[in-house]
1. Quick check for you: with a 1.4 Å probe and neighbouring chains kept, what is the accessible area per residue of segment 165-268, in Å²?
2. So, in nm, how far is label Glu181 from label Arg336 when the simple model puts each one 7 Å beyond its Cα toward the Cβ?
3. Whenever you get a sec, compute what percent of the accessible area on segment 364-454 sits on carbon and sulfur atoms (1.4 Å probe).
4. Output needed for segment 411-484: three equivalent-ellipsoid semi-axes, defined as square roots of 5 times the C-alpha gyration tensor eigenvalues, in descending order, whole Å.
5. Which three extents, in angstrom, do the Cα atoms of segment 342-496 have along their principal axes, listed largest first?
6. Report the net charge of residues surrounding Gly208, where surrounding means a beta-carbon distance below 11 angstrom and charges are Lys +1, Arg +1, Asp -1, Glu -1.
7. How much area per residue is accessible in segment 90-134 when the probe is 1.4 Å and only protein heavy atoms are counted (Å²)?
8. Using a 1.4 Å probe on the protein chains only, how many percent of the accessible area of segment 191-297 belongs to carbon and sulfur?
Amino acid sequence: MTAAEGDGGITGSQAAVGAAPRPAEAPGRELPWPTRRSAGGAAPPRPGPAATGRPGPAAAGRSGPDAADGEPHRPTRPEAADGEPLWPHQRLDVAALRRRGIAPVPFRQFVLKTHSRCNLACTYCYIYQGADDSWRRRPARVPDATVRRTAARIGEHASAHGLRRIRVELHGGEPLMAGPEAVIAYADAVRAAVPEGCEVTASVQTNGTLLTAGVLDRLAAARIRVGLSLDGGTDRLNRRRTDHAGRPSWPATARAARLLAARGEQYYAGILCTIDLAADPGEVYASLLALDPPGIDFLLPHANWASPPPGLRHHLQRTAPARGSRPTPYGDWLARAFDLWWDAGRMRTRVRLFREIVALLLGAPSSAEAVGLSPMAAVVIDTDGTIEQVDSLKSAYPEAPSTGLDVFRHTFDDALRHPGIAARQIGAEGLAADCRACPVLRVCGGGNYAHRYAPRTGFLHPSVYCADLERLIRHAAARLGDVLHRTGPVASTCHT
């Protein structure tokens, strides 16, 4: 698995956009979900997979995993009658948003699946080890007809919204299992389809095991940057990343890291690293720096209220305790890593999560999904041409990313009308009451959307990492405050 937090990989800086234009929505068409409801009435049923995990009735006035905080949304029903989560699928009235003048933000990041299988069997992979097995029913390799149709739809979207720049992320599975030719052909097709004047930035996110000097030469010639997924810079730190026979991936990944470092930032996008509490943050950070990446992004393991993360399962199995009453192992881990980055004096590499938090504390808009309130502007196209929400939702329940749409019958403007996508473009209005009242709201932004899920009630909850995020944000604010107090605001920008 190479697609990590959302979905877009290390180069996915346009997954969320700041002060983006809000174009008028295209005329409606018949879609596989309701977009209008009678006041106070139940939505018409739509086909969809049943949510899995611990059941919990909606409870007004609560914000834990069994609550369904309705304001400012539709009155809650006792449970989702058609198997979809209450929020946003049953209760967000997208048509009402449009009538209020809240227009959609066009997609600017397109995550294109070139291969739906992977040559590794990472123990924490939410695609192949999780509840959603939809990958089994999809083509292993994206067909040429799907590539052409997807490229045409992207060009149509870019033209309709006057986009001057878009980002294309080639993903899997392991995208290089189809060879570099498939990756290059997909990027070339999109570049040929967009209108003149629209710049396409392309990258591929890989586990590195199939990346050779020859493959890298071909990707570089096609202007495709490479992002690398690993858990640290040593064999021991990557013990969870083995192939299907249990053999370590590190020797091949280490070779890929050396090749990329030799090429430099023009071709090397950086490293995605999923946090392992068993690994010392100092050791992980130092070993990653030794690989000389231009950027690092630390990712929280995908988890939710039905399936809490390692280290928090005992504390979160039954209730959602107050933020200050539970341990913060992930916040502590990240705070230690933050200090190593902050105290370096001279920044050796960018750490996206830390840069985003510092920038938000200084008043800038967010540009990544993990934090901030900027509207989400990323969409996934799988190998069969289905248009999906971000992959991280696969950690919630079977087929959670599904929209019911595909590139052969629907436009990307149709996808903008899906409740799950609309919910991620309305800022604080799409968050739980606890989040809207939180003093770190503007920086945290509710955390990763997938981490808010609870069975039946859906995604209108604080993140399962709520306390950890607050711990990290307050720590970063204190460190930034120290610098501002000593030297003034100008000096503080050197770290961002």
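The values are calculated or read from the model by the stated rules, or taken from the named source; none is laboratory data. Since we're looking at a predicted model, the values are computed, not measured. Neighbour counts are summed over all protein chains in view; Cβ atoms, including those assigned to glycine, are modelled from backbone coordinates with ideal geometry. Areas reflect the complete protein model, heavy atoms only, side chains present, ligands, DNA and RNA absent. Shrake-Rupley method; radii C 1.70, N 1.55, O 1.52, S 1.80 Å.
1. Working: 3910 Å² over 104 residues.
Result: 38 Å² of accessible area for each residue.
2. So the label points at Glu181 and Arg336 sit 4.8 nm apart.
3. Numbers: 1050 of 1910 Å².
Percent of accessible area from carbon and sulfur atoms in segment 364-454: 55.
4. Numbers: eigenvalues 154, 44, 19 Å².
Over the Cα atoms of segment 411-484, the semi-axes work out to 28, 15, 10 Å.
5. Between the extreme Cα coordinates on each principal axis of segment 342-496 lie 58, 31, 22 Å.
6. Numbers: positive: Arg241, Arg255, Arg258; negative: Glu174.
Net charge in that neighbourhood comes out at +2.
7. Working: 1290 Å² over 45 residues.
The answer is 29 Å² per residue.
8. Working: 2110 of 4090 Å².
That share works out to 52 percent.
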